[in-house]
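S.K.: This is the structure I have questions about; it appears just below.
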Amino acid sequence: MTESPSARLLAMFHEAGIPFDSVEDAWRRAEHLSPLLGWLTASFPDEGAFRTCSEWLRLCASRIDGGEPAAALFAQARGNAPRQAHVAAGKLVDLRNECILARRPAAAALADASNHLCEVWAAVTTHEEDGETEPWGRAKAAAVAMVTAWLYQQELDEKDKQARILARVELTRLLREARAAVSPAQS
């Protein structure tokens, strides 16, 4: 049997020397984005987890020039058409590439982050999970891409460790805000 998302989340923090009493305690106090995002993606196909990711992407996109199309494409992944999530994931790759060519690195990184999350949703909803769509790994990649997008938007050096920490903390705050908007009882 596979370890539950909650057990894995708590184990990850415990191994890092940050013991939390519960998942809710982690959501209240953690400053690390990727484990919380991993918990959400590992919870797919839960609709609440998808809506939380979608709201988080929307909140992030509202702060990144040209980011709205990526958030909108991710939201479309929940459509009723067969393989809709796979179509959305492909469009996110195209959007990322268009943003790169247009020299809009922040929007490109946001599209990349959105694609990582969308790929997991697509695989889970069509029962095509594999090593490339492992939720925790993809969530970590999405978190790294979103931190990069955040730094590019602010014209900060992506290699500045302190700036990355501050970006991660702010993005984690936005993830909590998204979760509270989707599931007020859990905030």
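S.K.: May I ask you to list the residues in the stretch 40-87 that are among the hydrophobic types (A, V, I, L, M, F, W, C) and closer than 14 Å to Ser183 by Cα?
M.R.: Leu40, Ala49, Phe50, Cys53, Trp56
S.K.: OK, next. Quick check: is even one residue across the stretch 80-93 among the charged types (D, E, K, R), modelled with pLDDT of 95 or more and either in contact with a Leu (Cβ under 7 Å, 6 or more places away or on another chain) or within 22 Å of Thr133 (Cβ to Cβ) (or both)?
M.R.: Yes, the stretch 80-93 contains a residue that is among the charged types (D, E, K, R), modelled with pLDDT of 95 or more and either in contact with a Leu (Cβ under 7 Å, 6 or more places away or on another chain) or within 22 Å of Thr133 (Cβ to Cβ) (or both).
S.K.: Given the structure, is Glu155 assigned to a loop (DSSP other than H, G, I, E, B), more than 21 Å from Arg58 (Cα to Cα) and of a type outside the set (Lys, Arg)?
M.R.: Here the answer is no, as Glu155 does not meet what is asked.
S.K.: Only one of Ala30, Ala42, Ala81 is of a type in the set (Gly, Ala, Ser) and either without any contact (Cβ under 8 Å) to a residue 60 or more places away in the chain or in contact with an Asp or Glu (Cβ under 7 Å, 6 or more places away or on another chain) (or both); which?
M.R.: Only one candidate qualifies: Ala81.
S.K.: Where in the stretch 1-109 are there helices (runs of 4 or more DSSP H), lying wholly inside it, with at least 2 residues that are buried (at least 22 other Cβ atoms within 10 Å of the Cβ)?
M.R.: Answer list for the stretch 1-109: 33-42, 47-61, 68-76, 84-101.
S.K.: Another question, if that's okay. In the stretch 110-131, what residues are surrounded by fewer than 19 Cβ atoms within 10 Å (Cβ to Cβ) and in a helix (DSSP H, G or I)?
M.R.: Thr125, Gly131
S.K.: Can you give me the number of residues within the stretch 170-185 that are more than 16 Å from Lys140 (Cβ to Cβ), surrounded by 14 or more Cβ atoms within 10 Å (Cβ to Cβ) and out of contact with any Ser or Thr (no Cβ under 9 Å at 6 or more places or on another chain)?
M.R.: Within the stretch 170-185, residues that are more than 16 Å from Lys140 (Cβ to Cβ), surrounded by 14 or more Cβ atoms within 10 Å (Cβ to Cβ) and out of contact with any Ser or Thr (no Cβ under 9 Å at 6 or more places or on another chain) number 2.
The values are calculated or read from the model by the stated rules, or taken from the named source; none is laboratory data. Given the structure is predicted, the values throughout are model-derived calculations rather than measurements. Positions of Cβ are backbone-derived with ideal geometry, glycine not excepted, and every protein chain shown enters the neighbour counts.
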